[in-house]
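The values are calculated or read from the model by the stated rules, or taken from the named source; none is laboratory data. Because the structure is predicted, anything quoted here is derived from the model rather than measured. Glycine also receives a Cβ, built like all others from the backbone with ideal geometry; neighbour counts cover every protein chain displayed. Only protein heavy atoms, including side chains, enter the accessible area calculation; ligands, DNA and RNA are left aside. Shrake-Rupley method; radii C 1.70, N 1.55, O 1.52, S 1.80 Å.
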Amino acid sequence: MSTKRTTQILPVHALNAEGPGTKTLAQWWADERSRGTPEAAAVAKAAEALRTTDIPVAFPTETVYGLGADATRSDAVQGIYKAKQRPSDNPLIVHVDSMDMLQRILNPADEKYSLTAASEQDMIPPIYRSVIAKFWPGPLTIILPNPPHSVLAKEVTSNLSTFGVRMPASPFARLLIHVTDRPLAAPSANASTKPSPTTAQHVYHDLHGRIDLILDGGPCGVGVESTVVDGLSNPPAILRPGGIGLEELRQCQGWENVVIGYRDSSLDVKEVPRAPGMKYRHYSPRAKVVLFEPESDPASVANHIRKDLENSAVCAHNIGIVRTRNWGKYLGLNAGHESSEQTREEPETKATLDLFKMPIESPCGSSPKTILKEVYDYPLGSDVEAIARGLFSALRTLDSIGVEIIYVEGIADDEGDLSAAVMNRLRKAAEAEVKA
Ligand code: TXA
Ligand code: MG
């Protein structure tokens, strides 16, 4: 067994919030370094570790926290798979700080990544010009042909002939890449199968003892991963919904007919829960997640939950509810039964966690009796950006409380916005998808 590592969290809030302003990354870094701030020291330490060790470093991006490694070194990239315990047949996204760095990947002078390699020609297929101009830096990953004699470690591409790349909007992420002077391969910094991390504490929870350093830039603004698009296929396709929505993409030249190239289970919603374990788990907390489709009638949802809780096979004592747009007024799930300790009103805009108790006739254990189930209510608000931002945190918070089931109120995902990403992640997390 490998020895446990001591994991340090170093704050970089100011750098992440301030950004370079009108300066270049190089000028910004020169100024920060000369000021000798603790945050500059944290960046220098992280960059050194990324360049010289095979232990990945966790850092904030605008989407989720990434677990970064030098994308040009096999041993370093293998370190990501080890820390996450992720199967290595899944290609990783490469993060660059600039178009210049991307051109250096596309025009390798030799097999070694070199600062001096000339960017002689633009190797980026023309279809990407419009989306790069509009969305970079930002939560959009594009698929490019991996050039002959590529500098990228084969573990990044899982031996595919293409690679995925993005330039993050987070100024801190770009600064770290700049100072490291290497493209960084970075999947989300969670343990494989767990919800993606949107705070440094989430990363610590999953990976402490496995990595040395977590850079803490505060909570991520987007909350779901980047949209992955393939412009090499005709028509171009969205391979993963994310921070950039379908409608925004369609407004770009060459992307008017972009198609959905991913599958989620929106087309085969089951009336009854699927057998647990039938699905590959992803984005999943320990608790069982039951996702209600948005068209579900809230009154039927309340009935469904109540029945579930009365069912001896379910036997959950602590329940989590993640609600979005319509469940607020129906959350008096105990209406008509014994008194509730709190009555719910309109959904709050800020996610706070409330506890109320619900008396349920439950045959759990030996004989039927009325027990008080603890219900933790996590309102995400109704705005799609707020829902995306808070989603993974809600699942993780409820998990840390120890709830056994989480009921989630789905949202309509046909608006062409972030809602497709929200529902895609929820469908992957859910063991059961229900229309009540
Ligand atoms: O927002 C994000 O993109 C986050 C943050 C940390 O930047 N990163 C992230 O990376 O989600 P990762 O490595 O977990 O994303 C991998 C996904 C794959 O599951 C696949 O969907 C897509 O990116 N991908 C990567 N390379 C690909 C390729 N060559 N062809 C098709 N899809 C690819
Ligand atoms: Mg991930």
*Starting from the Cα of residue 107, step 7 Å along the direction of its Cβ; do the same at residue 262; then give the gap between the two resulting points in nm.*
3.3
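Just subtract the alpha-carbon distance of residue 212 and residue 41 from 0.36 nm times their residue separation and send over the number in nm, one decimal. Walk me through the intermediate numbers first.
Details: separation 171, 0.36 × 171 = 61.56 nm, distance 1.52 nm.
Residue separation times 0.36 nm, minus the Cα-Cα distance, leaves 60.0 nm.
How long is the gain from residue 317 to residue 34 if the chain were fully straight, where each residue apart is worth 0.36 nm and the alpha carbon distance is subtracted?
Gain in length upon complete extension: 96.3 nm.
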*Rounded to the nearest 10 Å², what accessible area does residue 75 show when all protein chains are kept and the probe is 1.4 Å?*
90
*Taking only protein heavy atoms into account and a 1.4 Å probe, give the accessible area per residue of the range 8-260 in Å².*
39
*asked:* In the range 203-217, whose amide N lies under 16 Å from the spot 7 Å out along Cα-to-Cβ of residue 85? List them in ranges.
replied: 203-211
*For residue 154 and residue 383, calculate 0.36 nm times their separation in residues minus their Cα-Cα distance, and state this gained length in nm to one decimal.*
78.4 nm
*If Lys and Arg each add +1 and Asp and Glu each add -1, what is the summed charge of the other residues whose beta carbon sits under 10 Å from the beta carbon of residue 139?*
-1
*Tally Lys/Arg at +1 and Asp/Glu at -1 over every other residue whose Cβ is under 11 Å from the Cβ of residue 420; what's the total?*
-3
*Take the alpha carbon atoms of the range 161-236, find their center, do the same for the range 61-94, and report the distance between the two centers in whole angstrom.*
9
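Rounded, prolate or oblate, given the Cα gyration tensor of the range 8-260, with a/c below 1.5 counting as rounded?
rounded
Count the net charge of all other residues whose Cβ sits under 10 Å from the Cβ of residue 217, scoring Lys and Arg as +1 and Asp and Glu as -1.
Spelling it out: positives minus negatives among the neighbours equals -3.
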_With every protein chain left in place and a probe of 1.4 Å, what is the accessible surface of residue 239, to the nearest 10 Å²?_
70
*Could you order peptides 58-69, 374-385, 248-259, 165-176 by the average number of other Cβ atoms within 10 Å of their residues, highest first?*
58-69, 165-176, 374-385, 248-259
*18 Å reach of a label modelled at residue 51, 7 Å along Cα-to-Cβ, counting backbone N of the range 1-34*: 25-34
*Where the eigenvalues come from the Cα gyration tensor of the range 116-221, what are the semi-axes √(5λ) of the equivalent ellipsoid, largest first, in whole Å?*
28, 17, 14
*What ranking, highest mean first, results for peptides 145-156, 130-141 when packing means the other Cβ atoms within 10 Å averaged over each residue?*
130-141, 145-156
_Ranking request for peptides 84-93, 424-433: highest mean number of other beta-carbon atoms within 10 Å first, then the rest in descending order._
424-433, 84-93
*Cross-link pairs 194/307; 23/84; 373/435 - those with Cα-Cα distance over 25 Å*: 194/307; 23/84
_Label-point separation, residue 307 to residue 27 (7 Å along Cα→Cβ), nm_ = 6.6
*Take the solvent-accessible surface of the protein heavy atoms, probe 1.4 Å, and return the percent of it on the range 8-260 that carbon and sulfur atoms account for.*
52
*Taking the simple approach of a point 7 Å from Cα along Cα-to-Cβ for both residue 129 and residue 8, what is their distance in nm?*
4.7
